Amino acid sequence: MFAKSFGRNSTNAFAVMMLFTAVSATSVSGAMAQEPNTIVMKNFDFSPMMLTVKAGTTVTWKNLDGEPHTVVSPDGVFRSHALDQGDAFTFKFDKPGTYKYICSIHPRMKAAIIVQ
């Protein structure tokens with residue numbers, strides 16, 4: 001129907017525009033996940049779920065979801081406040097070890113930092 005109303009060239013232009021939009025969105029979200037020592041909260045998951053860093057590294061968590069999330073270690077080493085969309089939390093890991101953490105609002109969200 002679109003082709004009949006506006007012609008074949010309009011259909012091709014629309015398809016190219018949609019493809020460009022999809023590629024642009026993928027590039028932006030991919031770039032966010034590529035930031036070093038950064039974990040994103042998106043789709044009710046931490047990504048990456050496991051990150052290995054050297055002692056002395058500061059890790060940043062960014063909430064990209066429309067719902068609030070927290071970053072909480074069960075042993076009390078670190079704890080964020082509720083992070084709204086666009087908010088971030090940072091923590092410097094000084095000692096080697098494995099640091100598990102969850103979102104206390106959505107406890108099925110689990111991940112870990114390995115500090116060497």
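The values are calculated or read from the model by the stated rules, or taken from the named source; none is laboratory data. If you're wondering where the values come from, they're calculated on a predicted model, not measured in any experiment. Areas reflect the complete protein model, heavy atoms only, side chains present, ligands, DNA and RNA absent. Shrake-Rupley method; radii C 1.70, N 1.55, O 1.52, S 1.80 Å.
Straight Cα distances below 21 angstrom link Lys62 to the lysines Lys42, Lys54, Lys92, Lys100, Lys110, with same-chain residues fewer than 8 positions distant left out.
Starting from the Cα-Cα distance between Ser73 and Gln85, subtract it from 0.36 nm times their residue separation and give me the gain in nm to one decimal.
Details: separation 12, 0.36 × 12 = 4.32 nm, distance 2.06 nm.
Contour length minus the Cα-Cα distance gives 2.3 nm.
Report D for the stretch 63-112 in µm² per second (integer): Stokes-Einstein, Kirkwood Rh on Cα pairs, 4 °C, 1.567 mPa s. Answer, rounded: 114 µm²/s.
As a ratio to 2.2 N^0.38 Å, the alpha-carbon radius of gyration computed for the stretch 30-116 takes the value 0.98.
Taking all protein chains into account, the per residue accessible area for the stretch 58-116 stands at 54 Å² (1.4 Å probe). Taking θ as phi - 60° and the Karplus parameters 6.51, -1.76 and 1.60, the scalar couplings of the stretch 40-50 work out to 9, 9, 8, 6, 6, 9, 8, 9, x, 7, 9 Hz in sequence order, x denoting glycine and proline. When a 1.4 Å probe is rolled over the protein heavy atoms, the share of accessible surface on the stretch 51-116 that falls to carbon and sulfur comes to 51 percent.
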